[in-house]
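Notes for the one structure printed next.
The values are calculated or read from the model by the stated rules, or taken from the named source; none is laboratory data. In this text, all values refer to a predicted model and were calculated from it rather than measured experimentally. As a convention, Cβ positions derive from the backbone with ideal geometry for all residues, glycine included, and neighbour counts pool all protein chains shown. Each accessible area value is taken on the protein alone, full model and side chains, heavy atoms only, with ligands, DNA and RNA left out. Shrake-Rupley method; radii C 1.70, N 1.55, O 1.52, S 1.80 Å.
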Amino acid sequence: MARSFTVVIVLLTIVCHQLMSTSAATNAENGWVDAHATFYGGRKGEETMQGACGYGSLFEQSYGLATAALSTALFNNGTTCGACYEIICVNAPQSCIKGARPIRVTATNWCPPNYRDGSWCNPPRKHFDLSLPIFLKIAKYKAGIVPVKYRRVMCPKKSGVKFQLAGNPYFLMVTVFNVGRVGVVVEVKVKGSKTGWIQMTRNWGQVWDTNTVLTGQSLSFLVATSDRKRLKFNNVAPSNWQFDKTYDGKINF
């Protein structure tokens, strides 16, 4: 009897380990991770415009109100700007919207830490500060903060990658936005009609710069994303391009 009981215990232990491994593998495969979410700004989302990623009017740049400010642990000093996430409210029946489908948002801002009050955006916490209208799609206003699960997803885009030019004749800044697939740009090069390819430097978020004088030249760009894909955008801006204008790259990832 003792030997049979021992064998049963061993078999049960093996089965439990297999079930746990299968569950862990399933969660990893689905890519869902635990986090929390809050909201900022009003119902029209005015306070969510601009932000630490360098984007301007999120309405004009096609992001709208489906956006999020990421905690430090997710923001990664701006290298996650442009990433897309699916988020769903979980494990809070009185706070979550029953039957709500996951929302899809783009990372456009940073939720800075506040070590005095133990902010939810303090590292190492994974947190999403959503626009109010998008928060209300998955949770009730009175909840304030809710537990969520999230996962990275592809960013569907209908038109080309956009390049917004700024700076002065001796300093060119380029904001790269409306980027498809992974959404995250990791490298930008620019080429004037009279130059070779010039490596640009990340200024902040998705704003890139160079001190090379490129006025009076048509501009082409080479963009690399975090999934190691690269696209060349030839003659995006004509030789008479202007600062504070946006130019369409025509193609996307």
With the 1.4 Å probe rolled over protein heavy atoms, region 162-248 has an accessible area per residue in Å² of 46 Å²
Please get the size of the charge dipole for the chain, origin at its Cα centre, with Cβ charges of +1 on Lys and Arg and -1 on Asp and Glu, quoted in debye to the nearest 20.
540 debye
Principal axis extents for region 135-241, Cα atoms only, whole Å, descending order, please.
57, 27, 22
With an 8 Å Cα cut-off and a minimum separation of 6 or more residues, compute the relative contact order for region 162-248 in percent.
33 percent
Surface/4 estimate of mean projected area, convex hull on alpha-carbon atoms of the chain, nm²:
18.9 nm²
Cα convex hull volume per residue for region 30-152, in Å³, equals 105 Å³
Angle check, please: helix 2-30 long axis (alpha carbons) against the longest principal axis of the chain (alpha carbons), in degrees 0 to 90, nearest 10.
20 degrees
Charge context of VAL179, other residues only, Cβ under 10 angstrom, K/R +1, D/E -1
+3
Around GLN164, under 13 Å between beta carbons, what's the net of Lys plus Arg minus Asp minus Glu among the other residues?
-2
If amide H atoms are built 1.01 Å from N in the plane of the peptide, which residues on other chains or at least 5 residues away come under 5 Å of the amide H of PHE233?
PHE221, LEU222, VAL223
